[in-house]
Amino acid sequence: MIPGVERRQLEPHSDPRGTLTEIWRASVQPLTPQQLIVTASAAGALRGMHVHIRQADLCHVVSGRAFMALVDLRTDTQPKDTFWLTNGDSLLIPPGVAHGYTTEEGVVMLYLLTHESAGTDEFGFSHSDPDAAIAWPVARPTLSDRDRTAGSLRAARDLVRARLGGGTR
């Protein structure tokens, strides 16, 4: 796992009425959410690759299944990770780690953001950049205009490293 990324399977508490699932607790993941967002993505949608300089994202799969890709732009080696997230999975993504996901069946995601999203801290690169070499399970994804015209991984990495102070790990 990439340093700073935390993946957890959340445990629902059930009784005859249904379930209660705790998404976040300050004593476990000490971050201060400033905004909550819910996304509903149709089958075949791909969101990403996005990266933030200041903002951390805590995402939670409310329903469905998503193929998640991460690329650490903070380092020379740019480690990456890919995996499936399903109902009840939670993922903390620190600043400087690019992230994106696609879904074959549809997915609803809840995001807790440490900064209000205004577009000034949102950067990215093309999901199909050959330097990232991500093996997406959806051959022809549905993309936003911004994601369709995103630049290179190299340019995103250079921007992140310049804004975070560079350095190698």
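Within the stretch 22-39, how many residues are outside any loop (DSSP other than H, G, I, E, B) and exposed (fewer than 13 other Cβ atoms within 10 Å of the Cβ)?
Applying the first criterion (outside any loop (DSSP other than H, G, I, E, B)) to the stretch 22-39 yields 35-39.
Next, from what is left, pick out any that are exposed (fewer than 13 other Cβ atoms within 10 Å of the Cβ): 36-38.
Final tally of qualifying residues: 3.
Which residues, counting only those in the stretch 74-114, are in a loop (DSSP other than H, G, I, E, B) and basic (Lys, Arg)?
Start the filter on the stretch 74-114 by keeping residues that are in a loop (DSSP other than H, G, I, E, B), which leaves 74-79, 87-88, 94-96, 103-106, 114.
Residue satisfying the conditions is Arg74 alone.
Mind telling me which of the residues Ser117, Ser126 ends up being modelled with pLDDT of 95 or more, closer than 20 Å to Val160 by Cα, under 15 Å from the mean Cα position of the chain (by Cα) and assigned to a loop (DSSP other than H, G, I, E, B)?
Unique residue meeting the criteria: Ser126.
Within the stretch 40-80, take every residue that is of a type in the set (D, E, K, R) and surrounded by fewer than 15 Cβ atoms within 10 Å (Cβ to Cβ) and give me the one that is nearest to Thr103 (Cα to Cα).
So the first thing to find is which residues in the stretch 40-80 are of a type in the set (D, E, K, R), and the list is 47, 54, 57, 65, 72, 74, 76, 80.
Next cut, surrounded by fewer than 15 Cβ atoms within 10 Å (Cβ to Cβ) only: 54, 76.
On the way: Arg54: 27, Asp76: 30 Å.
Among those that are of a type in the set (D, E, K, R) and surrounded by fewer than 15 Cβ atoms within 10 Å (Cβ to Cβ), it is Arg54.
Under the condition of being touching a residue at least 24 places away in the same chain (Cβ under 8 Å) and surrounded by 12 or more Cβ atoms within 10 Å (Cβ to Cβ), which residue from the stretch 155-169 is nearest to Gly96 (Cα to Cα)?
My answer is Val160.
Only one of Arg169, Arg161 is modelled with pLDDT under 95 and not in a loop (DSSP other than H, G, I, E, B). Can you tell me which?
Details: Arg169 fails: not in a loop (DSSP other than H, G, I, E, B).
Checking each option against the conditions leaves just Arg161.
The values are calculated or read from the model by the stated rules, or taken from the named source; none is laboratory data. All figures in this text were calculated on a predicted structure; none of them were measured in a lab. Counting neighbours? That spans all protein chains shown, and the Cβs are built from the backbone with ideal geometry, glycine included.
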